[in-house]
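What follows is calculated from the coordinates using simple rules that are stated; it is not laboratory data. Since we're looking at a predicted model, the values are computed, not measured. Quick reminder, even Gly has a Cβ in these numbers, built from the backbone with ideal geometry, and neighbours come from all protein chains shown.
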Amino acid sequence: MVLRILRWTNRAYAFVALAVYMLAFVVAFVCMFSFPVGALILVVLGVLSLAFVALGRDVLQALERWMSRRALSQGRCPACTTGPMSLVLQGTIQQCRGCGAKFEPDGSETQMLESEEANKVAA
Ligand SMILES: [Zn+2]
């Protein structure tokens, strides 16, 4: 359950961050004509907060990979939490037999196509 919420949060994180920055842009644009110091403060805060937004993304993704690795080691699919996992691509990538989601050994989900897997095996 926590993993599913975390997965959804990671998918939505970039869009929410973009929406917040666009809202700040609109507020700063309005402030430019009425309260110029406010616009300046918003610009400075926006630039300084970028590091924390990126750090938060990295922490959330690392947490998701860690929880995914735990689920995979227990034979559960991190995406649908049910289906048994099968090993594909020389035993490195695990694929869910239920939903078809594929996971790298580090726990991150991959979108690799069948043809790309064949190339990786050939290389
Ligand atoms: Zn699944």
Check your understanding: How big is the equivalent ellipsoid of the range 65-112 along its three axes, where each semi-axis is √(5λ) from the Cα gyration tensor, reported in whole Å from largest to smallest?
Key -> 13, 12, 9
Study note, to complete from the structure: Under 5 Å from the placed amide H of Thr110, counting only residues 5+ away or on other chains, we find Lys102, Phe103, Glu104
**Study point:** Globularity index of the range 1-79, i.e. its alpha-carbon radius of gyration over 2.2 N^0.38 Å
**Key:** 1.53
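Multiply the residue separation of Cys80 and Met1 by 0.36 nm, subtract the distance between their alpha-carbon atoms, and state the gained length in nm to one decimal.
Fully extending the segment from Cys80 to Met1 adds 27.4 nm.
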Revision key, fill the gap. Among the range 71-109, those whose backbone N falls under 20 Å of a label point 7 Å along Cα→Cβ from Asp58 are 106-109
Point to revise | Dipole moment magnitude, nearest 20 debye, the chain about Cα centre, only Lys, Arg, Asp, Glu C-beta charged | key: 360 debye
Check your understanding: Summing -39500 (n - 2.57) over the DSSP H runs of n ≥ 4 in the chain and dividing by its residue number, what mean residue ellipticity at 222 nm do you reach, to the nearest 500 deg cm²/dmol?
Key -> -23000 deg cm²/dmol
